[in-house]
Amino acid sequence: MNPLILDFLRRWRWLFAIALLISLGTAIAGMPFLLAPAAILGLLFDGQRGVFSAVRALPVARIDQARAWWFVGVPLLPLLSLPLLAIGVLLFQQFNATGNPPVPQLHAPAPLAAPLPAEVQAERDRAGFPDPIQAQENGQRFITRVKPLTQTTAPWFAACVQAWVALGYAGFCFFLMQWAPTRPAENVSENVQQGVFGALWGISMPGALILFPILPRSPSAVAPWHWAIFMAVPIFVALSYFSAAELLRRRMFVTTAKSSLHPAVPAQSVSTGLTGVPLYIVNFGGRIALFVALIAAAQILVFHWMMQGNARVSNPGLEMRVGLMGLMGLMIGAATAESIGMRALRALPLSTVKLALLLSLIPWAGAIPTAVFSAVWCGSGDPTLSVWMNLAAQSVALCGWATLAFAATMHIAGSSRLFVLMLIGMIPGVGLPFAAKYTLVFTASGSVAGIGGFALLVRGLRKSSAFYRPRGFFGITPGQPSAVR
Amino acid sequence: MNTPPALEVSALEKHYPRFALGPLDLIVPSGSIYGLIGPNGAGKTTLIDQIFGMGSPDAGTIRVCGLDHEHDEVAVKSCAAYVGPDLSFVAWGKITNAIRFTRGFRPTWDDAYCARLMRDFGISANDRIGTLSFGGRTKLALLLALAWHPQVLVLDEPTTGIDAHTKKAVFVELLGIVRDEARTVFISSHQLSDLERFADHVGVLHKGRLVAEGATGELVERHLQAEWEAENAGAFAHVPGLTLQEHEGPRWRGVLDTMTCPLESLQRRGARDVRTQALTLEELFLALTK
C-alpha cells in the first residue's frame, strides 16, 4: 500500500505543491483557501490512463490498493496542508500584530454599486433584455461593481473550516467518481446515468472555486447551510472509504461490446441526412454550444441564489459571474475540440488552413454562447455601448482566446496541458469583467490572441507530432482507458 | 503516356531528438501491394505520417500519384486513404455518424460496397464506436478507407488486433482492389507471413533507413544464408551486401545479398567450405534488422 501512495505522490508532486503553496499563501494573507479537488484530479487522470489496471497484477491485495487510492484522493491533501495552514496563520497573526501585513489589502473599500446610465437602461427596456439590476433604491437602479475581499478575524477557525470541508469535498468527489463512465452509453438509462454524473462532476470541480472562498471565516458568520456542510463531511468521508473497492473494480475492468448482433443496416439508412462539414458543425458545434449555455445558465442561477443572501456572503458581483462564465465556456470548448480524432480529420481532403478553421469552430461554439450570456443576460460590458456592440466585442475576444487556448493545448500531449488551458482561460476570465472599462483593449487583445492562436494551429497541424497523439480528453471522456487500447 | 508511381519518396529526412528517418528513397509502383516492414521504432509510422502532412519533413519530397504532398495536399488526400492504429472516430458516437461524416468528403463513396464491407467485417451502423474492441475500430477505419475506392491505400499496421477471419477478408479486399481496379496498396505491417503471400514489393526499414527493397520473390531469392570457415577476421568486415550474424573462431555466419555480394566474392576473401541456405521473408527480416 505504501509504495502505491509514495508513487502517486512522486508522480503528482507538482500538483500537490501547487495546492499546498496556495493554502500557505492564502493563510499568510489572512484568507485561508484549500484547493480541495487537486488530488482527485490526479486520481481521475490515473484512472483514465489505466494506472488502476496496470497495478492490479502487483502483489498488493485489492483492498489495500483501494485503500491506497482512497488515502491519496481524500485525506492526504487536507492532512498535508494542516501544518502549512498553521504556519500561514502564525505568520498572518505575527504580521498583523505588528501592524505590518505581508500583503496589501486586495480590495480597498469601494462603493458596492453604481447606477446604470439612463440611456443604457432605456435601450435595454426597449430590447426587452433580462434585467441585470441587482438593487433599486429611491427609484435609482444599481449594478454591482466591486466585491470586497476581507481578511479573516479568526484565522485559526477559518483554516480549520477549510481543512475540514476539504476533507468532505474530496470524499464527495471520490464517492462520485465510481460512476465515471468507462465506455460510452449504449442505451437511454446509461445515457441518463452518465448525464447526471457529468453534470455533478462538471459542477463539483469548478464548484470548489466558488464554495471554498465563501465558507465562514469567523464563528459569527456561520449560517445554517454551513452547519449542514460541516455535518456532511464525516458522511462523505465514510461513503468514500467504503466505496473505494467498488470504484477500483469499475475502473479496473473495461467492458467492450461483443461483435455486433445487429443485422447490417442497409446502406440507405446511412446515406440520408447531413454529411461532411454540416454534420460536423451540428454534431460538435451544436452540442458544445448547448452544453456551455446550460452551464452558464446554471452558474447564473447559483449566483442568483447567492445574491439573495442565502450564502451569507457579500454580493459576488458581476465580475465574478462573468469571469467564471468566461473561464468555463472557453475551457469546455477548447477541451472538447481536442477530443476529436485529429488523425481522422487530417486524412480528409481539406487544406491545412480549412482544417484549422474547422477545428476552431468548436472552441468558438463554446465562446459565443458565453458572450451571449455575459453581454445580453448579465449586461456586462461598456454601458455606453449598445448590447449588440458589447456582444460583438466579447464574442471576438472570447473566440480569439479560445482559439489560442486550443492551439496551445494541442501542442502539449501530456497532462500539463490542462493547466496551460486554465492559465490561458483565466486571461479572458479576468479580462471579461473589465470589458466595461477597456472594451477596445479587451477586444484587440482577443483578436491578437485569435490570430496568433490560428497561426499556431496551422503550424501545429503541419509540424507538431503532439497534435496527432491519442488524447484522453483530460481524463474525463467516456471510453476505454488508454492502457487497454 | 507513363503512369507516375503511386508513391515516390525522394531524399526524405525527418529528425527528432532521439531518432532520424532517412535519407530515404522509395518508389511504390502503381497497381501493386507494397509491404513496408521494420522493427518497432524503425520509422514506418513516421514515414506514413509525413505523407498525410502529420508533421513536415526536414528535407526531401513525397509525391503521391505524381502530386506533391505539400503543395497539392488536398488533391493527394482526395486520391489516397489512410488507416492507422491511432485513428479514432469515437467522438462521432455511432458508426453511422462516422460514415455520414466521411461520405461528405468523398464524392466517389459507394454505399453498396460500404454495406457489403459492413456485412463482411461484422459491424453495424448502429454500433457505438466507443464500445467496439480495438479490432472493431480497426475494421471501421478500414471500411471508411475502402468504401470510396481510393487510388492509393496507405495502411499502417491494419491487421493489428483483428481476428484471422477478418484478416483474411481484409487481404482478399486488398488483392481485389489491386487486381480488378488497378489501385495501389502501401501497407506497413508486422505480419510477415501475410506480406510474403500478398505483397508484390517489400521494403525493409531499419533505424530510419531502407536496408533492403525489391519485388518480394526476388528479394527473398537473392538473399542467402551462408556459413563458411575463414582465418582472416578482417576480410569480412564492411563488405557491401554481407550482413554478418555470428563469428566463433574460424566459423562465420551471415546473410548475403547475392546481387551485390556473390558467393565468389566470399571465396575470393578466403572463405572455405561455404554452405548456403534459402531464407524466408521472416528470416531475412530478422537477419537484416538484428
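Laboratory data are not the source of any read-out in this text; all were calculated from the coordinates shown. It should be emphasised that the depicted structure is a prediction, and the values quoted were computed from it without experimental measurement. Backbone-built Cβ (ideal geometry, glycine too); neighbour counts: all protein chains shown.
Some points to look at:
- Annotation: lysines with alpha-carbon distance below 25 angstrom to residue B:207 (same-chain offsets under eight excluded): A:463, B:14, B:44, B:290.
- Neighbour-count ranking [beta-carbon atoms within 10 angstrom, fewest first] of A:77, A:6: A:6, A:77
- Placing dummy labels 7 Å off each Cα toward the beta-carbon, the span from residue B:40 to residue B:276 is 3.6 nm.
- Burial ordering of A:28, B:187, fewest other beta-carbon atoms within 10 Å first: A:28, B:187
- Approximating the spin labels as points 7 Å out from Cα along Cα→Cβ, the residue B:163-to-residue A:193 distance works out to 2.7 nm.
- Most mobile of B:59, B:278, B:91 in a GNM of chain B (Cα contacts under 10 Å): B:91
- For the residues B:138, B:96, B:216, a GNM of chain B with alpha-carbon springs under 10 Å puts the largest fluctuation on B:96.
- For chain B, the convex hull spanned by the alpha carbon atoms encloses 152 Å³ per residue.
- Using a cutoff of 8 angstrom between alpha carbon atoms and counting only pairs six or more residues apart, the relative contact order for chain B works out to 21 percent.
- For A:471, B:275, B:209, order by how many other beta-carbon atoms lie within 10 Å, fewest first: B:275, B:209, A:471
- Reachable aspartates and glutamates, given that their alpha-carbon falls under 20 Å from the alpha-carbon of residue A:437 and they are not under 8 places away in the same chain: A:119, A:123, A:319, A:382
- Helical runs (DSSP H, four residues minimum) scored at -39500 (n - 2.57) apiece and divided by the length of chain B put the mean residue ellipticity at 222 nm at -9500 deg cm²/dmol.
- Overall form of the stretch A:398-474 per C-alpha gyration tensor (a/c, 1.5; a/b vs b/c): oblate
- Listed residues B:172, B:255, B:28, most fluctuating in chain B (Gaussian network, C-alpha, under 10 Å): B:172
- A Cα-only calculation for the stretch B:1-115 places Rg and Dmax at 16.0, 47 Å.
- Summarising the label geometry, the points placed 7 Å from Cα in the beta-carbon direction at residue B:265 and residue A:205 lie 6.1 nm from one another.
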